Amino acid sequence: MKKKTVVAIVTMTIFVLVAVAVNWKFSLLSNLFPSEDGNAPNAPSVEAGATTEDSYFDNARYSRTQSRQEALALLNEIVNDESVDEETRKNAYAEVVSYAKITEGEASLESVLKAKGFEECIVFLTSDTATVVVAADALDGPQSAQIFDAVLSQTGFEAGSVKIVTYP
């Protein structure tokens, strides 16, 4: 029974991570292919003075938050379910703590990158990788180095675990 519940938690976690990735990719695609009225489908409305980058980054943050909330709700159900064995509840609680650390790390990195001059950016962390999306047509060497330095110093990841994506 214990092995089945651990497998169930691991499987659920994988599904949630896939859902986060799909939501992120969909939010990118929805902004690349606007609807006939010029607005991206299901994207937040663009107010006067706002740019497409604002919509993409706002939409990506929203999708990330929604996916996390759904995952945390499922994990909290397991943690609070008295009928679930103690080991499974501990594993679910560890996942909740992991999500909290990842969320804190993303917010911290986004703040550091904004302080370094990258006004619009979003960071996606997993336990061993980081993807940073910045609003730019291209990055020069020093800009890329600033991003890598911030990510590596904040996370302790290896350089090969960091991906930088520009979004024009």
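Here, each number is a calculation from the coordinates, and none is a lab measurement. What you see is a predicted model; the values in this text were computed from it and never measured. Methodologically, a virtual Cβ is constructed for each residue, glycine included, from the backbone with ideal geometry; neighbour enumeration extends over all protein chains shown.
A few comments on the model shown:
- Selection count where residues are within 18 Å of the chain's Cα centre (by Cα), free of Cβ contacts under 8 Å to residues at least 40 places away in the same chain and crowded, with 16+ Cβ neighbours inside 10 Å, scope region 125-160: 8
- Among the residues of region 77-95, those that are assigned to a helix (DSSP H, G or I) and in contact (Cβ under 8 Å) with a residue 40 or more places away in the chain comprise ILE78, GLU87, THR88, ASN91, ALA92, GLU95.
- Selection status of THR103, of a type in the set (Val, Ile, Thr) and under 26 Å from PHE157 (Cα atoms): yes
- Pairs, first in a loop (DSSP other than H, G, I, E, B) in region 111-124, second surrounded by fewer than 19 Cβ atoms within 10 Å (Cβ to Cβ) and not small (Gly, Ala, Ser), C-beta under 7 Å, six or more apart: LYS116/GLN146; GLU120/GLU53
- Looking at LYS90, LYS101, just one residue is under 18 Å from THR126 (Cβ atoms) and of a type in the set (Lys, Arg), and that residue is LYS101.
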